[in-house]
Amino acid sequence: MGGHPVIRSSTVTEGVVTLSLAGSRLDAANAAEFKEALARTIDEGQTRIVLDMAGIAFVDSSGLGALVGVLKRLGSRGDLALAAVQPAVQKALKLTRMDRVFQIFPDTDSAATKLRG
Amino acid sequence: MTDEAFTIDIVSDYAEVRRVAEWLADVGKGRIDEAVLDDLQLVVAEAVNNIIRHAYREEPGRPISVRLEIAAAGITLVLRDSGQAPPPGFPQSKVGSLEVDPSDLAALADSGRGLAIIKSCVDQMDYVRDGSFNELSLSLRHDGRQ
């Protein structure tokens with residue numbers, strides 16, 4: 001763990017922050033770091049968040065748990081959307097019923113548009 | 001009868017799971033159907049994470065061996081470690097529910113889905129305590145060979 005930032009880039013446009021994840025996995029090796037990075041983002045007042053998952057080819061239960069943790073931290077204060085979810089990750093979300101919990105969009109633009117509502 | 005078997009030895013570090021993933025992708029390529037391989041990637045990650053978290057209590061540097069057996073009857077992953085024995089009835093007794101209520105955010109669990117994910121992806125889970133070793137065999141009867 002450590003050494004590699006879990007967030008590759010962060011762009012704020014019209015009140016919505018789009019975060020692009022670094023690396024190709026969100027798993028037990030970086031889930032805690034991811035959760036902390038997102039907690040900082042939320043605590044800085046960025047509460048409408050789009051996660052660009054385009055580069056993520058694999059998510060395990062620790063990664064899913066971290067995503068759930070972010071959603072719970074946001075609570076009614078904000079919104080979280082997943083964008084550009086890859087097929088293997090989509091499958092893991094479906095298997096764990098998380099596709100019913102998260103808002104999932106084909107790309108970051110449609111996700112950001114929805115969050116701006 | 002096992003037609004082919006492959007083994008990788010790693011240590012109890014979550015970063016090592018990525019090495020297992022690369023190994024599995026490598027040995028599975030051309031041998032195992034891609035959709036089955038996706039499931040096996042999830043299964044092996046959850047199984048190794050469980051060993052690190054529960055059998056070794058996150059103590060680093062302890063040995064874990066992962067064996068992939070490919071046979072006409074199916075595919076089996078065998079995980080072996082020398083950590084603490086799991087509670088009686090394992091693994092069935094520790095399988096949680098994957099059901100969720102999207103309207104009740106507070107009740108959503110942050111953890112505890114690992115074994116349920118494994119159970120969803122495989123046909124059979126067998127655990128034996130072999131001396132001071134734990135051995136978990138996870139089998140897919142479905143012939144995922146290419």
Practice item. With a cut-off of 18 Å, note down the residues of region B:77-101 whose backbone N falls inside the zone around a label point 7 Å from the Cα of B:Thr2 toward its beta carbon. Key: B:77-82
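Would you count, across the protein assembly as shown, every pair of lysines whose alpha carbons are under 19 angstrom apart, provided the pair is eight or more residues apart or spans two chains? Let's see the in-between values first.
Values: A:Lys35/A:Lys72; A:Lys91/B:Lys119; A:Lys94/B:Lys119; B:Lys94/B:Lys119.
Lysine pairs satisfying the spacing and distance rule in the protein assembly as shown number 4.
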Exercise for review: Take chain A, compute every pairwise Cα distance, and split them into 10 Å bins from 0; I just need the percent in each bin.
Suggested key: 15, 52, 31, 2
Exercise for review: With an 8 Å cut-off on Cα pairs and a minimum separation of 6 or more residues, tell me the relative contact order of chain B in percent.
Suggested key: 29
Exercise for review: Return the distance in nm (one decimal) between the two label points of a simple spin-label model at B:Gln124 and A:Gln86, each offset 7 Å from Cα along Cα→Cβ.
Suggested key: 3.3
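Over chain A, what relative contact order in percent results from Cα pairs under 8 Å that are six or more residues apart? Numbers along the way, then the final one.
Details: 201 pairs, mean separation 30.6, N = 117.
The normalised contact order for chain A reaches 26 percent.
Which whole number of Å³ per residue matches the convex hull of the alpha-carbon atoms in the protein assembly as shown? Before the final figure, lay out the partial values.
Values: hull volume 33.3 nm³, N = 263.
Taking the convex hull of the Cα positions in the protein assembly as shown, it is 126 Å³ per residue.
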**Study point:** Per-bin percent of Cα-Cα distances, chain B [5 Å]
**Key:** 2, 9, 19, 22, 20, 14, 8, 4, 1, 0
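Using 1/(1 + (r/R0)^6) with R0 = 22 angstrom and r between the beta carbons of A:Ala22 and B:Asp33, what's the FRET efficiency to the nearest 0.05?
Working: r = 30 Å, r/R0 = 1.37.
After rounding, the FRET efficiency stands at 0.15.
Rule-based calculations on the coordinates, nothing more; no lab input. Given the structure is predicted, the values throughout are model-derived calculations rather than measurements. Counting neighbours? That spans all protein chains shown, and the Cβs are built from the backbone with ideal geometry, glycine included.
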